[in-house]
Amino acid sequence: RMAQVASPGELYRVPADVDVARFVGEAIILPGTASKGEVTCALGKLPLAAGSEGSVDVLIRPEQIRLVPFRYGAGVWAKVNGVKFFGPDAIVQLTAVQDSLTLSFTARVAGHRAPQPGQEVSAVVEGEVVSFAASGRSKSV
């Protein structure tokens with residue numbers, strides 16, 4: 001089925017729905033609550049580029065997650081479970097616990113900034129995110 005007609009950049013940054021988001025690239029989908037241009041989810045209070053309000057599914061791309069040395073007040077605490085190094089970049093597998101919810105998610109970082117397995121970091125989401133009306137299906141993180 002035809003789900004969206006748009007430029008490649010728009011398809012990636014502002015997909016029409018969760019299925020399009022996953023089709024065009026890696027996607028972290030979290031439950032959240034959106035209101036007045038912001039969405040609150042397990043990875044913080046984030047600016048909203050587009051999307052639904054109320055109970056939503058939030059789209060975050062792995063390259064939007066910046067990892068910094070752990071310190072209180074900056075992002076969300078996370079533990080590095082593994083790192084796949086590709087030279088110019090790396091995929092970092094993370095686990096975070098927020099409000100008794102355990103999240104497993106990935107971040108894509110520059111290769112020279114890849115942390116070590118076991119390290120504690122702060123995960124900070126950069127840029128705007130997109131929300132979709134909550135689907136009620138199981139969430140993938």
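The values are calculated or read from the model by the stated rules, or taken from the named source; none is laboratory data. Bear in mind that the values here come from a model prediction, so they are computed numbers and not experimental data. Note that each Cβ is placed from the backbone with ideal geometry, even for glycine, and that neighbours are counted across all protein chains shown. Ligands, DNA and RNA are excluded from the accessible area calculation, which covers all protein heavy atoms including side chains. Shrake-Rupley method; radii C 1.70, N 1.55, O 1.52, S 1.80 Å.
A few notes on this one:
- Filtered residues of the stretch 94-116 (kept if touching a Phe, Trp or Tyr at 6+ places or on another chain (Cβ under 9 Å) and either touching a residue at least 40 places away in the same chain (Cβ under 8 Å) or part of a strand (DSSP E or B) (or both)): 94, 95, 96, 97, 98
- Taken residue by residue, the stretch 94-104 has no member that is small (Gly, Ala, Ser), surrounded by fewer than 16 Cβ atoms within 10 Å (Cβ to Cβ) and under 17 Å from residue 128 (Cα atoms).
- Residue 48 within 12 Å of the chain's Cα centre (by Cα) and open to solvent by less than 60 Å² (accessible area, probe 1.4 Å): no
- Residue list for the stretch 77-93, restricted to those being in a strand (DSSP E or B), open to solvent by 90 Å² or more (accessible area, probe 1.4 Å) and in contact with a helix residue (DSSP H, G or I) (Cβ under 9 Å, 6 or more places away or on another chain): 85
- Qualifying residue in the stretch 5-13 (condition: within 21 Å of residue 133 (Cα to Cα), of a type in the set (Ser, Thr, Tyr) and either in a helix (DSSP H, G or I) or at pLDDT 95 or above (or both)): yes
- Flag for residue 68 being open to solvent by 10 Å² or more (accessible area, probe 1.4 Å), touching a Pro at 6+ places or on another chain (Cβ under 9 Å) and farther than 20 Å from residue 14 by Cα: no
- In the stretch 10-26, the residues that are surrounded by 23 or more Cβ atoms within 10 Å (Cβ to Cβ) and aliphatic (A, V, I, L, M): 21
- Tally, over the stretch 129-141, of residues that are open to solvent by 40 Å² or more (accessible area, probe 1.4 Å) and either modelled with pLDDT of 95 or more or within 12 Å of residue 43 (Cβ to Cβ) (or both): 1
- When residue 31 is tested against (1) touching a Ser or Thr at 6+ places or on another chain (Cβ under 7 Å); (2) open to solvent by 50 Å² or more (accessible area, probe 1.4 Å); (3) within 30 Å of residue 115 (Cβ to Cβ); (4) not basic (Lys, Arg), only condition (1) is not met.
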